[in-house]
Amino acid sequence: MSATTPAPRRTPSDPGMNSTKAPGHDPGHDAGQDPGHPAAPRAALSERLCKPLTYVALSVGLLIMAAPFLWMALSAFKTDKELGGSKTVWIPSEWTLDQFRALLDKLDLPLYFMNSVIVAALVTVCNLVFCSMLGYALAKLDFFGRNKVFALVLAALMVPGNLMLLPMYVLMNKLGLLDSYAGLVLPFAAGAFGVFLMRQFMQSIPDELLEAARMDGASEWFIFWRIVMPLVKPALATLGILTFLGSWNNFVWPLIATNDPDKYTLPVALATFANDPNRAAGSNGVLMAGSLLVVLPVLLVFLVLQRHFKPDLATAGLK
């Protein structure tokens, strides 16, 4: 028998071994790591250009969205000559408060402004209280039919608000609440969106925190007001801003539910003045001044509540 000749062993210095690469290895990857490779400068240049272009695009979008508001705010301080001229003037050449004085002369502005404040404030407070209560019950209390109640809340979110105008009008008319603050507030005292928002936010509160309070003898009322409500300030601020904004700008329902001018809100009063056939042709500046007064309270509410837009540590009480 002849001995079998063993195969020659290949060493790392063998040229064939050096040409072998691991499976899935990308030859261009090593080239990209090399600063001298042509792809590296192109990638760095693309990264440097991406951020400025993003800022430019966002700035252009911001200017497009803010242009109508800026035009309205600046027009409120222009003279009738600049507003009625054929040449478009952005910055007033002569700043004046004549439009605001004319607004006070033509409209009972304090009355309409106070009506809007009362209605918006009551609607906001009612939503913060009632939506928080129902959201807490759906999130942390175990009772029969809880899932069915939550399903009704979700179903209410799918119903367009305009479909509810006629039933609300018939109900308020039957109750004799038309031309009253109650008729403007009660239909919007609680909303499905607010219940859904508070329920979802309260679910993030640890159950152990509430169980510890119950073991210490705290009642559900104490737990709700003294433990849960301080932890959901960001959600309350969000709901408060959205509710106040919607109630302040609400136009259709106050227009339908009020026939007495003394109960008009500010948007309804401005719309009535704008559609008045006896209105002077050169009173567009008065409308701009009134529109600016409608927007300012909303901005003020946002500036006051924006400091609550921060994450609260709901687990801090567990330590």
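A few notes on this one:
- Within the stretch 54-86, the set of residues being of a type in the set (Phe, Trp, Tyr) and either under 27 Å from PHE100 (Cα atoms) or in contact (Cβ under 8 Å) with a residue 60 or more places away in the chain (or both) comprises PHE69, TRP71, PHE77.
Each row is one residue, and each column tells you yes or no for (1) open to solvent by less than 40 Å² (accessible area, probe 1.4 Å); (2) of a type outside the set (A, V, I, L, M); (3) in contact with a strand residue (DSSP E or B) (Cβ under 8 Å, 6 or more places away or on another chain); (4) closer than 22 Å to CYS131 by Cβ.
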site: LEU236; (1), (2), (3), (4): yes, no, no, yes
site: SER247; (1), (2), (3), (4): yes, yes, no, yes
site: PHE251; (1), (2), (3), (4): no, yes, no, no
site: PRO254; (1), (2), (3), (4): yes, yes, no, yes
site: LEU266; (1), (2), (3), (4): yes, no, no, no
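- Selection within the stretch 212-239 - among the acidic types (Asp, Glu) and not in a helix (DSSP H, G or I): ASP216
- Search result, residues across the stretch 53-91 that are modelled with pLDDT of 80 or more and not hydrophobic (A, V, I, L, M, F, W, C): THR54, TYR55, SER59, GLY61, PRO68, SER75, LYS78
- From THR272, THR315, residue being at pLDDT below 80, open to solvent by 20 Å² or more (accessible area, probe 1.4 Å) and either over 27 Å from LEU242 (Cβ atoms) or not aromatic (Phe, Trp, Tyr) (or both): THR315
- Test: residue in the stretch 74-89 that is open to solvent by 90 Å² or more (accessible area, probe 1.4 Å), assigned to a loop (DSSP other than H, G, I, E, B) and not hydroxyl-bearing (Ser, Thr, Tyr): yes
- For the stretch 133-143, a residue qualifies if it is within 17 Å of PRO206 (Cα to Cα) and in a helix (DSSP H, G or I), and the qualifying residues are GLY135, TYR136, ALA137, LEU138, ALA139, LYS140.
- Of the listed requirements (1) open to solvent by less than 50 Å² (accessible area, probe 1.4 Å); (2) part of a helix (DSSP H, G or I), LEU242 misses just one: (1).
- Some residue of the stretch 190-200 being in a loop (DSSP other than H, G, I, E, B) and out of contact with any Ser or Thr (no Cβ under 9 Å at 6 or more places or on another chain): yes
- Every pair of residues 6+ apart whose Cβ atoms lie under 9 Å, when the first sits in the stretch 186-201 and is within 13 Å of LEU236 (Cβ to Cβ) while the second is outside any helix (DSSP H, G or I) and not polar (S, T, N, Q): MET198/VAL232; PHE201/VAL232
- Test result for THR243, modelled with pLDDT of 90 or more and closer than 24 Å to TYR181 by Cα: yes
- Residues in the stretch 166-189 that are under 15 Å from LEU128 (Cα atoms) and assigned to a loop (DSSP other than H, G, I, E, B): ALA189 only.
- Filter result for SER283 (more than 30 Å from GLU208 (Cα to Cα), open to solvent by less than 30 Å² (accessible area, probe 1.4 Å) and at pLDDT below 75): yes
- Filter result for LEU300 (open to solvent by 80 Å² or more (accessible area, probe 1.4 Å) and either at pLDDT 70 or above or not in a helix (DSSP H, G or I) (or both)): yes
- When each of ALA182, ALA190, ALA139, ALA151 is tested for being in contact with a helix residue (DSSP H, G or I) (Cβ under 9 Å, 6 or more places away or on another chain) and over 21 Å from VAL117 (Cα atoms), the lone residue that passes is ALA139.
- Of all the criteria given as (1) part of a helix (DSSP H, G or I); (2) open to solvent by 60 Å² or more (accessible area, probe 1.4 Å), the one not satisfied by ALA151 is (2).
The values are calculated or read from the model by the stated rules, or taken from the named source; none is laboratory data. Keep in mind the model is a prediction, meaning the values are calculated, not measured. So basically every Cβ, Gly included, is an ideal-geometry build from the backbone, and we count neighbours across all protein chains shown. Ligands, DNA and RNA are excluded from the accessible area calculation, which covers all protein heavy atoms including side chains. Shrake-Rupley method; radii C 1.70, N 1.55, O 1.52, S 1.80 Å.
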